[in-house]
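Working notes, structure below.
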Amino acid sequence: MTELVGRSISELKKLLAEKSVSAREILAAHLKYVQAHDSDIKAFTCLTEERAQKQAARVDELIARGEALPALAGIPVAVKDNICVADYPTTCSSRILENFIAPYEATVAQKLDQAGALFIGKTNMDEFAMGSSTENSAFKKTANPWDLSRVPGGSSGGSTAAVAAGMAVLALGSDTGGSIRQPAAFCGVSGMKPTYGMVSRFGLVAYASSLDQIGPLARSVEDTAIALSVIAGHDKKDSTSIPDPFKNQGPRFEMALSDNPEKLVKGLRVGVISELVGEGIEPEIVSAIRAAAAVFEKLGAKVTDISLPNSKYALPVYYLIATAEASANLARYDGVKYGLRETEGAAKDSILQMYKSTRSKGFGAEVKRRIMLGTYALSSGYYDAYYKKAQQVRRLIKNDFDNVFQNCDVLISPTSPTVAFKIAEKTDDPLSMYLSDIATIPANLAGLPGISIPAGLGKDKLPIGLQILGNTLSDEVVLKVAHAFQQSTDFHNRQFPGLATVG
Ligand code: GLN
């Protein structure tokens, strides 16, 4: 059989359209690959094979009837385990939701299903999306396919590793402070956080609601764009989704990616974020970003260094706002409404003790740390000093972006200050872990679209990520610039040194 793993969407769809393979065969090849490699990578929390078999059968029927194939017909997709796929577990990699079965389907999953995708499985993550290495999962530690002793990044580490390793063609992640872009950088794939409100969050378990956004991960910008077209758009079930971002025409981001990179980039004004190409960023990463800037210059862009002076406050602002929102969002896990109920040690009539035991046992250390931090920041007497102040500084950070976007079309920077670090290297030092989000958090605070794409390998032969940010609703521009880069370089085609091929 033709090798089916590691292919792009358009390659697989071509094979389907020519009837060289069936959707069932594509699924079988990927499931076999998962069986062979996930014991090393540990990307999945559960497989959704039964659902995928039904989806594949449906696609094969369409082909048999000679009907047009929808956008993701026969494409294996992995879904982060904080996004509901009906009748399967949604654990958020937390003990407190270990036995929770989603009673309904997230809008994004519904859209993927309608587009013909095959759901391979749910993926491991930092508990409730709090973390940057997927080590905060209550269940297992996912490995980076490039080097199994390293983290895949986080919090969408399982989704990203699944795509990087070839176990899925696409994956969904969520990005509150960098959780799609940072793992994309660590695993050498493309990962996009769309404009806040571009993609419905109905069926996404909330972490920090003013920041959370769902987005796609794939091995190329083209596949990322196809996936975003499928999941984007207004949803009346999510009051934060943008009313009519596409003026009723439906998004077709991939159509904007003309094949000529000069055409995509010529005359574009590219700003290099000066705060992110200096101190605190590994020199090999700075060099890769400078080299990327030179690629854009050669394609006819006007490249200048710009400054976001208030972005130095982004980290503390994020860790006040995100934790404050998390403390409110996670209050619902009380042993009554969802998941775990721990009655051990509780007198029969003591509901308070039941709450306490459930939450003590159900949440991991990082989640507890953040609930406490957020509760403190919101408490009366401290609200003005912390939460309100953080919101005010958030506005200053947004104003910086508004200013530079008067003279720039896109901004570039590293996605992360380092390449993938070793498993356990940072687990005892939360602050150094938090610092790995320094380049991604500002875009969440300002609601802007951003993508991370591979921009080279460092000295340890590990991927380096280039971040491209755009103004609100400039998702298409971001994708165009990222695609032009991939047309002019081959970093995205370099596969990791290699999992053995199976059948
Ligand atoms: N790593 C960041 C955090 O720990 C961002 C997480 C995310 O985007 N979900 O909060």
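For the listed residue pairs Lys80/Lys461; Lys140/Lys426; Lys141/Lys422; Lys302/Lys459, the alpha carbons are over 18 angstrom apart in Lys80/Lys461; Lys302/Lys459.
Heavy-atom accessible area, probed at 1.4 angstrom with all protein chains present, ranks Lys266, Lys32, Lys422 as Lys266, Lys32, Lys422, highest first. Normalised by the number of residues in the chain, the mean separation of alpha-carbon contacts (under 8 Å, six or more apart) gives a relative contact order of 17 percent. Legend: translational diffusion of region 411-453 by Stokes-Einstein, Rh = Kirkwood radius over C-alpha pairs, 10 °C, 1.306 mPa s; D = 136 µm²/s.
By the helix-only formula, in which each DSSP H run with n ≥ 4 contributes -39500 (n - 2.57) and the sum is divided by residues, the chain has a 222 nm mean residue ellipticity of -11000 deg cm²/dmol. Which one of Gly339, Ala227, Leu435 is farthest out on the positive end of the charge dipole of the chain, using unit charges on Cβ (Lys, Arg +1; Asp, Glu -1) and the Cα centre as origin? With unit charges placed on the Cβ atoms, the residue in question is Gly339.
Among Val5, Gly300, Ala328, whose Cα projects farthest towards the positive end of the dipole of the chain, with charges put on the beta-carbon of Lys, Arg (+1) and Asp, Glu (-1)? About the Cα centre, the residue reaching furthest to the positive side is Ala328.
Per-atom-type breakdown for region 371-476 gives carbon and sulfur 55% of the accessible area (1.4 Å probe, protein chains only).
If the viscosity is 1.306 mPa s and the temperature 10 °C, what Stokes-Einstein diffusion coefficient in µm²/s follows for region 238-313 when Rh is the Kirkwood radius over Cα pairs? Display every interim value, and only then the final one.
Details: Rh = 15.4 Å.
Approximately 103 µm²/s, per Stokes-Einstein.
One equal scatterer on each Cα of region 127-269, no solvent, Debye formula: the resulting log10 I(q)/I(0) at q = 0.10, 0.18 Å⁻¹ is -0.36, -1.03. Remark: the chain carries a charge dipole of roughly 500 debye about the Cα centre, counting +1 on each Lys and Arg Cβ and -1 on each Asp and Glu Cβ. Each semi-axis of the equivalent ellipsoid for region 307-402 is √(5λ) with λ an eigenvalue of the Cα gyration tensor; in descending order they amount to 35, 12, 9 Å.
Counting only protein heavy atoms and a 1.4 Å probe, the chain has 38 square angstrom of accessible area per residue. Per the Cα gyration tensor, the chain maps to an equivalent ellipsoid with semi-axes of 32, 30, 21 Å, ordered largest to smallest. Straight-line reach only, C-alpha to C-alpha below 19 angstrom: list the lysines that Lys236 could link to, leaving out same-chain residues fewer than 8 apart. Excluding near neighbours in sequence, the set is Lys111, Lys247. Put simply, the amide H of Gly121, placed in the peptide plane, has neighbours under 5 Å in Thr48, Val79, leaving out anything fewer than 5 places away on its chain.
The accessible surface of region 1-78, taken with every protein chain in place and a 1.4 Å probe, is 50 percent carbon and sulfur. Dipole check for region 1-46: with +1 at the C-beta of Lys and Arg, -1 at the C-beta of Asp and Glu, and the Cα centre as origin, the magnitude is about 160 Debye. Available extension along the chain between Tyr104 and Asp40 is 19.9 nm, counting 0.36 nm per residue and deducting the alpha carbon span. Shown here is the pair-distance distribution of region 219-367: with all Cα-Cα distances grouped in 5 Å bins from zero up to the longest one, the shares run 2, 7, 9, 9, 10, 12, 14, 11, 8, 7, 5, 4, 2, 1, 0 percent.
Averaged across orientations, what area in nm² does the convex hull of the alpha carbons in region 328-461 project?
Taking a quarter of the hull surface, the average projection is 12.6 nm².
Close amide H partners of Ala168, meaning residues 5 or more places away or on another chain with modelled amide H under 5 Å apart, are Val163.
The values are calculated or read from the model by the stated rules, or taken from the named source; none is laboratory data. In this text the structure is predicted, and so the values were computed from the model without any measurement. Quick reminder, even Gly has a Cβ in these numbers, built from the backbone with ideal geometry, and neighbours come from all protein chains shown. Surface accessibility is based on the protein's heavy atoms, side chains included, excluding ligands, DNA and RNA. Shrake-Rupley method; radii C 1.70, N 1.55, O 1.52, S 1.80 Å.
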